[in-house]
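What follows is one structure encoded as structure tokens, with my remarks underneath.
The values are calculated or read from the model by the stated rules, or taken from the named source; none is laboratory data. Please read these numbers as outputs of a predicted model, since none were measured by experiment. Note that each Cβ is placed from the backbone with ideal geometry, even for glycine, and that neighbours are counted across all protein chains shown.
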Amino acid sequence: MGNFYLIIIDGLGVGAQEDAADYGDAGSNTLGHVSEATGVKLPNFARLGLGNIIPLPSVPPAANPEAAFGKMRERSSGKDSTTGHWELAGIQLEKAFPTYPNGFPDQVTDAFSKHIGRGILANRAASGTQVIEEFGDEHVKTGKPIVYTSADSVFQVACHVDVVPIEQLYEWCTTAREKVMTGPHGVGRVIARPFAGKTGSYYRLSDQRHDFSYIPPEPNLLTVLQAAGIKTYSVGKVIDLFAERGFTQFRRTKSNDEGIAQLLSVMAAVQNSFIFVNLIDTDQLYGHRNDVAGYALCLENIDRALPALLGKMEPGDVMLFTGDHGNDPAAPGTDHTREFVPLLVYPADACNSVDLGTRRTFADVADSVTDFFNIEGTFGGKSFIK
């Protein structure tokens, strides 16, 4: 036994799922379109077998891939971060979290306004950068928070830090999570979105964003591991997606660079543990902003970090790379896309096959982790660990 590292490259998809058209995402292919448009070079991922998963113009297949490779289908309804991370942890949702393409009903907005003692602005599905540009001046003038959503199940509250202090924004979002967005309106996440700047140049403070997740059902992978005495660690936003439950220790991060640095630090200190990592920049900075070139550069930065990560592993360790959903920067719109996600498991000989094919559910990861730690129980998936 050793350590099991589960690393999520946020928003990395490898082609539309069969039901993608139901989500408005027919033809989406995050990695394929980035490769085609930019010629992104990922030599370290290539030797692991990234180019063996789907044809990629700029990432050739490996003759002898060092990782087991495949792709995974999301079984749960939805295409958001909470749903994706939860399914990886063995939680398969039969019913999707509620979404609000036409904005929130009066029942929600009136209740929130009553709790915070003021009205709101916007109340629509919108891009985060566009909504603060459109409503930023009115917010600064009136102090009313900008409330908006997206194609995902989210209740987002944006406030200028000079108008509403960040701690007050967090308190408002806690109130929304605990007293408003409950029952039939129990969204996957309430998100605090602080911003700064002046008229015409407002900008989001992404490093001070905070997610307030719906409480995950139990048992799940994390609770099962902890019950068996396995220590669990979160790096990045994972801790927020599980409502700060199920982890022995967590380290929030502000960027991929910090996430990789924190992961290397954790790797030097843990034994026989489960480490769940999210690298957010691909999604937050580039996918949602339709920045294909930026997405490519971000992938190349992760690729350059691979030798250090793989070199830090001890005999018996396993490192798995995947995504939580797609976020095709070349697709119309700025929302997530319903896609298969890549599956790379290093070293290849930890698995029962080098070619892992197309997995039926993300929950195969949860069952593989319990198999790795010799823990009984299943989450409705199928282990690929020897």
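Odds and ends about this structure:
- Considering residues of segment 310-334 that are within 20 Å of the chain's Cα centre (by Cα) and outside any loop (DSSP other than H, G, I, E, B) only, the residue surrounded by the most Cβ atoms within 10 Å (Cβ to Cβ): GLY326
- For segment 261-288, the set of residues classified as surrounded by fewer than 17 Cβ atoms within 10 Å (Cβ to Cβ), touching a residue at least 12 places away in the same chain (Cβ under 8 Å) and not in a helix (DSSP H, G or I) consists of ALA268, GLN271, ASN272, listed by residue number.
- Pairs with Cβ under 7 Å, 6+ apart, first in segment 1-26 and in a strand (DSSP E or B), second among the polar types (S, T, N, Q): ILE8/ASN278; ILE8/THR322; ILE9/THR282; ALA16/SER28; ALA16/ASN29
- Considering segment 357-366, the residues that are under 20 Å from the mean Cα position of the chain (by Cα) and not β-branched (Val, Ile, Thr) include one that is farthest from GLU339 (Cα to Cα), namely ALA366.
- On inspection, ILE239 qualifies as among the aliphatic types (A, V, I, L, M), part of a helix (DSSP H, G or I) and either at pLDDT 95 or above or within 14 Å of the chain's Cα centre (by Cα) (or both).
- Unique match (being under 14 Å from the mean Cα position of the chain (by Cα) and hydrophobic (A, V, I, L, M, F, W, C)) among VAL270, VAL266, VAL277, VAL292: VAL277
- Residues in segment 27-39 that are part of a loop (DSSP other than H, G, I, E, B) and either of a type in the set (Lys, Arg) or over 22 Å from the mean Cα position of the chain (by Cα) (or both): GLY39 alone.
- Any hit, segment 136-158, residues being in contact (Cβ under 8 Å) with a residue 60 or more places away in the chain, in a helix (DSSP H, G or I), surrounded by 18 or more Cβ atoms within 10 Å (Cβ to Cβ) and not hydroxyl-bearing (Ser, Thr, Tyr): yes
- Subset of segment 340-376 (residues that are surrounded by fewer than 22 Cβ atoms within 10 Å (Cβ to Cβ), assigned to a loop (DSSP other than H, G, I, E, B) and in contact with a strand residue (DSSP E or B) (Cβ under 6 Å, 6 or more places away or on another chain)): VAL354
- Selection status of LEU12, of a type in the set (A, V, I, L, M, F, W, C), closer than 29 Å to ALA261 by Cα and in contact with a Pro (Cβ under 9 Å, 6 or more places away or on another chain): yes
- Enumeration of residues in segment 234-245 that are buried (at least 24 other Cβ atoms within 10 Å of the Cβ) and either under 12 Å from TRP86 (Cβ atoms) or touching a Ser or Thr at 6+ places or on another chain (Cβ under 6 Å) (or both): GLY236, VAL238, LEU241, PHE242
Yes/no per residue for (1) in contact with a strand residue (DSSP E or B) (Cβ under 9 Å, 6 or more places away or on another chain); (2) more than 23 Å from LEU297 (Cβ to Cβ); (3) surrounded by 24 or more Cβ atoms within 10 Å (Cβ to Cβ):
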position	(1), (2), (3)
SER58	no, no, no
PRO65	yes, yes, no
ARG73	yes, yes, no
THR83	no, yes, yes
ALA89	yes, yes, yes
